[in-house]
Structures are given as C-alpha cells and as structure tokens.
Amino acid sequence: MFKVIKDKLSRHLLLQYIVTSIVSWIIFFFVVFMISNVMSKWVFNSDLFTTFWENQCEGIIQELQEFVEENNMTVEEAHEYSLGELRRGSVKFYSYIDYTKELNGRYTNAQIICSDGIFYPKRYVPSYKYWKYWNYAGVIIAFIFSEFVVLRFVYKLIRRMKTLYGQIISTDLKKRDVVIHVEGGDELALLGEKVESMRIMLVKSIDDEMTQRQQQTKLLASLSHDIRTPLTKIITCLDILNYKLAKSEEERVNCITMITTKANQLKCLTDRLLNSVTSGKAYVVYQREIYDGPSMLSQLLFEGGYYLEEEGFEVHMQKTISGEYQLRVDIVAIRRVADNVYSNIKKYADKKMPIEIWIEEREKDITVYVQNRKKTELHQTKQENHGMGLTIITQIMEAMGGRSEVENTNEFFSIRLILPKYNDITELNQI
C-alpha cells in the first residue's frame, strides 16, 4: 500500500505539493505547541532564571508598597490592585485569597502594610506580556520550520526546472550527444521525456533532410554527367552531316539513327532530371521491362563499337551474340551504363592497343567484359579519375539486380557488367 502511495506521489506534482503543505502545517502546530506550552513552562520555572524573577518580584513589591502608602489602601483594595493594574508589570501576584487555586509560580514571603492590616502575596508568576512575546516567538519559529519544508520542495522543483532549461539551451546540432533527462517520474520528468523525444525527432528530421539533399545532389550530378555523353554524340553526328563528312550513305544513315537514339535517350534523362528537381526525390524510379537479351546487347555493343571506332579506337568484339534468354532492365539506365563505359575508354584508353569486348553466358547471368590498356602518360603519372562514372555504373547495376566488378592496374583497366538472365516467362513471373 505504501509503495502504491509512493508511486502516485512520485508521478504527480500537485499531490507532492499537497502532502508537503500538510506536513508543513503539522510541523507548524507541533512547534507552536512545544514552544508555547512545553518549553515556556520549563523556561519560566527553571532555576536558571530564579535570580531574574526574584529581582522583578522585589521591584514590583516595592512599587506596590509605595503605591498603597500613598493611596492609603486597605488590604482588599491592595489585592484588587495586584490583580488588575499591577499585572501590567513584569510579574503578577496571587494572595492568600487565591491560595486555593492550583497555580504554578514562585512563592514569596513579602508583606504589604495596608491601612487596615497586612496583605500577603503568596505566589507570583511572569506577567502576560512575557507569555505574549513567548507565543509570538513560538509562532515565528514554527513558521520558519514549516516554511523550510515548503521551500525545500520549491527549491528542488526550481533546480529540476533549471536543469531542464539548461539542457534545452545547451542542446544544438553540434552537441547531439547531449541527452535531455530530468530525474523523477512526475509531470516535469514527463516534460523532459517529451522534449527529448522532440529533440530526437528534430535531429533525425534534419539528418534525413541533409541525407536527402546529399543524395539529390549526387543524383543531379550523375544525371547531368550522363546527359553530356549523348549530347556530345548528337553534336558530333550533326557536324558530320552538316559538313558532309560521311564517307558513305551507310555512315550517313548510321549518323541519323544515332542522333535519333541519343535524342530519345537525352529526352528520357532530362525528364528524369526535371522530375527529380520538381518532386524533391533523391532517387530515380527505374522502369524495368523485359527485353530479348541477345538483341539488346547486340545493339548496345554495336553502337559502342561504332562510337569507339569513330574516335579512332580499334575494337575487338564478338560478331554475333546468340542465345535465348531475357533481361529485365531499364533501357535508359543500361544506356547510361554503356555511355559511361565508352566515355571512360575514350578518356583513358590507349588508341594503339585494341579494346576487348566480349560476352560470357553462364547458368544464371550474363557478363559483359570490357578491357583496355591505359594511355602511357596515365600509368606513368598515375593521374586518372574514373570516380563519378564508376559510381553511376555501380548504382545502376545494383538497381538492375546485377553488379559490376572493376580491375584497375597501372597498365590495364577492365570492368565486368553482370546481369541476371531469365530463360523463360516462368522465372520472370516468380520475381
């Protein structure tokens, strides 16, 4: 039961304050009682103060005797005066007439000579003003003790609030290891937990936004990078047609076909670039479709071989690609892969050595193998950069369900492009 009560108290500040107030009032009344009723009697009746009260008594007795003589008072008048006006002094007297009353106090053998006899004060006690001041002191001390309990509760509450405020102020994006935590299980601790959860959500949101911006920047850079290749090829073919540099009708038709193909590719790339900018997406949604593997690879290799030969390279590759299998790819993305491979060959390959391109068909996949010898000045100075092109190739191949493998030495560069193949429709339906 006490554990349940303790749990409830630890979870509610209002209950804690009510209990603190009750304890404070209990302490107040207890201290007032102890000071006004217990300690006062001990102090006023203690032997430590005997000399003080005797001196006070002697002074009052002397004043009373003088007053009685001046006013020629009787015993009864002196008694009434001692119970009335005399009480305003330091002590008050009780005569033999009040002797039957059970009163605390000190005894005296004083005698007051009156006009008709002698008045015998038998007992004296401190006057009302001492009790009044003592009670006032008791109330003040009790208030201090009781308020100490309340102030202690308020101090702890303010300290926890300052701790929470300090943690919130000290938390920024550079200090992500700062954890907002307030001890306890009440509303203030719950507020700290809520603020901490909001901080975590904010940091995560900022991290996600920064990551998305970085990915979007990379995507825009990769698409912009890949736009240059078909655009460059279109410009080259247009120059051939414009200046009538085609050596034959077949070459002229090939240029026109190349322009059409690259223009369509360029349109798809610019559409994807525009979609990425307007939608805020940091990725490309690939539209994978089913293609006849040998036909698609033959076309890509033919275009690549033609492009490289136009640039003055000698290309050794398979004349025909046979087989019966399907590939599930995004044709625009695969063209980007091919363009990046051929672009790297153009930049870094040695034209004196042939470019080797062949295809290897295995049980579950198709491998396109490309190898070239590097330019002499490159493998002597080791200054080359395949960075962005290879990154784009790797990303696209993984998105197509395949992979790329690069072997880069001082003299040779080779890349393997591996795509999963499907022998019949049944395998495709299982994807």
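Longer than 19 Å from Cα to Cα, which of Lys233/Lys262; Lys319/Lys351; Lys41/Lys132; Lys218/Lys262; Lys233/Lys267; Lys347/Lys375 are they? Say none if no pair is. Before the final figure, lay out each step's value.
Values: Lys233/Lys262 7 Å; Lys319/Lys351 21 Å; Lys41/Lys132 13 Å; Lys218/Lys262 23 Å; Lys233/Lys267 14 Å; Lys347/Lys375 9 Å.
From the list (Lys233/Lys262; Lys319/Lys351; Lys41/Lys132; Lys218/Lys262; Lys233/Lys267; Lys347/Lys375), the Cα-Cα distance tops 19 Å for Lys319/Lys351; Lys218/Lys262.
If you add up the charges near Phe412, with Lys and Arg at +1 and Asp and Glu at -1, over every other residue whose beta carbon is less than 9 angstrom from its beta carbon, what do you get? Numbers along the way, then the final one.
Numbers: positive: Arg373, Lys374; negative: Glu407, Glu411.
Result for the neighbourhood of Phe412: 0.
State the extension gain, in nm to one decimal, for the chain segment bounded by Leu231 and Val38, taking 0.36 nm per residue of separation less the distance between their alpha-carbons.
Working: separation 193, 0.36 × 193 = 69.48 nm, distance 10.51 nm.
Length gained between Leu231 and Val38: 59.0 nm.
Round to the nearest 0.05 the FRET efficiency obtained for Arg403 and Met353 when R0 = 30 Å and r is the Cβ-Cβ distance.
Numbers: r = 27 Å, r/R0 = 0.89.
Here the calculated transfer efficiency is 0.65.
Would you mind computing, in nm to one decimal, how far apart the modelled labels at Ile141 and Thr270 are, each placed 7 Å from Cα along Cα→Cβ?
Placing both labels 7 Å beyond Cα along the Cβ direction yields 9.6 nm.
Report the full-extension gain for the segment Glu209 to Tyr325: residue separation times 0.36 nm, less the Cα-Cα distance, to one decimal in nm. Intermediate values should be presented prior to the final figure.
Numbers: separation 116, 0.36 × 116 = 41.76 nm, distance 4.22 nm.
Net length gain for the segment: 37.5 nm.
We did not get these values from a lab; they are worked out from the coordinates using the rules stated. The structure presented is a predicted model; accordingly, all values stated were derived computationally and were not measured. Methodologically, a virtual Cβ is constructed for each residue, glycine included, from the backbone with ideal geometry; neighbour enumeration extends over all protein chains shown.
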